[in-house]
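The block underneath contains the structure these notes are about, expressed in structure tokens.
All of the numbers you see were taken from the coordinates with simple rules; none came from a lab. Given the structure is predicted, the values throughout are model-derived calculations rather than measurements. Here the Cβ is made from the backbone with ideal geometry for all residues, glycine too, and neighbour counts use every protein chain on show.
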Amino acid sequence: MEGICELKKMILLNPGPVCTSERVKNALLKGDMCHREKEFSIILGNVRKKILQAFASNGNYTTTVITGSGTASLEASVCSSVSEGKKLLVINNGVYGDRISRIASAYKIDKVELQYDWRRQPDIKQIENTISKDLDIEVVAMVHHETSTGLLNPIHTIGEITNKYDRTFLVDSISGLGGEEIDLINDNVDICVGSANKCIQGLPGLSFVILKQDEVKRLRNIPARSVYFNLISQLDEQEEKGECPFTPSVHTFYAFDEALDEFLEEGVQNRINRYRKASTFLRKEFKRLGLKFLLPDEFLSNTITALYLPKNMTYTQLHDSLKERGFVIYAGQGQLNAKIFRIANMGEISMEDLETFIKNLQEVLGDSQ
Ligand SMILES: Cc1ncc(COP(=O)(O)O)c(C=O)c1O
């Protein structure tokens with residue numbers, strides 16, 4: 001207990017869970033509530049309404065919130081959207097593209113996988129060619145913002161292709177929504193997966209899926225592959241009864257509701273602009289400090305910068321020195337694990353915090369010379 005109460009305040013520069021406001025944290029204390037009572041239905045309804053208000057306000061979309069991390073909603077989307085005998089096309093250029101592929105394998109869903117260099121955007125011609133030739137491809141899945149590298153994928157272009165060939169476009173925007181421009185309507189996104197605890201600045205434990213109404217009709221014909229991770233049963237229970245099929249993380253809903261209020265008060269575009277300003281500042285400073293970037297500038301997202309580790313330092317040395325000073329940075333994943341580190345600028349972090357971080361980083365790098 002003592003250890004928890006005395007937890008030092010850390011500036012989290014990892015891509016979620018992020019630093020949250022006092023307002024969001026305090027929402028947890030609203031009190032105990034039974035999830036089968038009308039009070040919970042009101043909160044659930046408000047959360048769903050605010051998600052749609054933020055990301056898909058034209059009335060053609062609906063949403064379901066799932067208790068579970070981002071992967072829960074991703075898994076529900078993948079295993080609920082591909083018909084028996086049809087295929088999923090996975091565009092894979094990072095850890096999270098790979099995760100989509102692993103989910104498909106776990107459910108024995110037939111898939112075609114196009115793998116690309118993690119430092120590049122995918123080959124559009126090859127993707128169009130694959131989709132046009134293989135009529136069994138029913139769903140095309142891609143990550144919007146590859147959190148493993150900080151690379152932005154070309155949502156709009158792929159959406160044009162899936163629309164042209166009348167396929168479902170499933171987008172993992174778990175680290176994109178709220179941090180990057182995405183227009184579900186104009187980008188032809190049919191199924192979009194998001195999470196509470198990244199750019200929306202809520203707490204970990206809730207994720208959601210935004211679905212086109214037409215897509216819901218199609219999904220109804222697909223037999224359930226899972227009891228918990230079933231988009232249709234999750235959605236129907238929420239729409240028809242205002243309830244979740246299984247016990248939801250009630251208190252995390254309070255916090256998510258508050259985070260969505262903060263988000264809408266700030267404005268979606270202003271939130272994106274705030275993150276862009278932060279990453280622009282950080283990148284200018286990283287260049288000044290002589291750090292080398294993993295990606296070319298044109299692929300960079302607003303919220304993650306992947307940098308090669310300095311030659312004379314391991315990740316652990318860098319991480320531990322910065323943590324002692326109050327900053328949590330993030331390691332590389334998969335094939336980049338020993339080569340890079342990542343700095344995320346999602347969450348409730350001020351420009352002053354980032355300036356202090358840069359001063360500390362400069363000192364830590366200097367100490368190692
Ligand atoms: C793009 C993307 N997809 C999926 C996930 C998995 O989310 P979670 O760790 O919340 O399950 C993450 C987490 O960082 C992510 O960034």
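Counting charges near GLU324 (Lys, Arg +1; Asp, Glu -1) among other residues having Cβ under 12 Å from its Cβ returns a value of 0. Here the calculated FRET efficiency for LYS311 and LYS9, from their Cβ-Cβ distance with R0 = 30 Å, stands at 0.40, rounded to the nearest 0.05. How much net charge surrounds LEU13 when only the other residues with a Cβ under 10 Å from the Cβ of LEU13 are counted, with Lys and Arg +1 and Asp and Glu -1? Neighbour charge sum, excluding LEU13 itself: 0.
With R₀ fixed at 41 Å, the C-beta to C-beta distance from SER83 to GLU352 puts the FRET efficiency at about 0.20. About its Cα centre, the stretch 1-96 has a charge dipole of approximately 320 debye under the convention of +1 per Lys or Arg Cβ and -1 per Asp or Glu Cβ, with nothing else charged. Across SER69, SER173, SER350, mean-square fluctuation computed from a Gaussian network of the chain (C-alpha pairs under 10 Å connected) peaks at SER350.
Maximal additional length on extending the ASN163-LYS108 stretch stands at 17.2 nm, based on 0.36 nm per residue less the C-alpha distance.
Beta bridges from DSSP with both residues in the chain: antiparallel share about 50 percent, rounded to the nearest 5. Applying 0.36 nm per residue to the separation of LYS339 and LYS241 and subtracting their alpha-carbon distance, the gain on full extension is 30.3 nm. For the peptides 222-232, 54-64, residues were scored by their other Cβ atoms within 10 Å and the scores averaged per peptide; the highest-first order is 54-64, 222-232.
Membrane-span-like helices in the chain, defined purely by DSSP H runs whose alpha carbon atoms cover 27 Å or more axially and whose average Kyte-Doolittle hydropathy reaches 1.6, do not occur.
Structure shown: which of LYS198/LYS323; LYS287/LYS323; LYS133/LYS217; LYS50/LYS164; LYS86/LYS217 lie over 28 Å apart, alpha-carbon to alpha-carbon? Long pairs (Cα-Cα over 28 Å): LYS50/LYS164. Over the Cα atoms of the chain, the radius of gyration divided by the Kirkwood radius equals 0.97; this is the Rg/Rh ratio. Charges were assigned to the Cβ only: +1 to each Lys and Arg, -1 to each Asp and Glu. The resulting dipole of the chain about its Cα centre is roughly 740 debye.
For the residues SER101, SER77, SER321, a GNM of the chain with alpha-carbon springs under 10 Å puts the largest fluctuation on SER321. A straight Cα-to-Cα reach below 18 Å connects LYS284 with the aspartates and glutamates ASP297, GLU298, GLU352, ASP353, GLU355, GLU363, residues fewer than 8 places away in its own chain not being considered.
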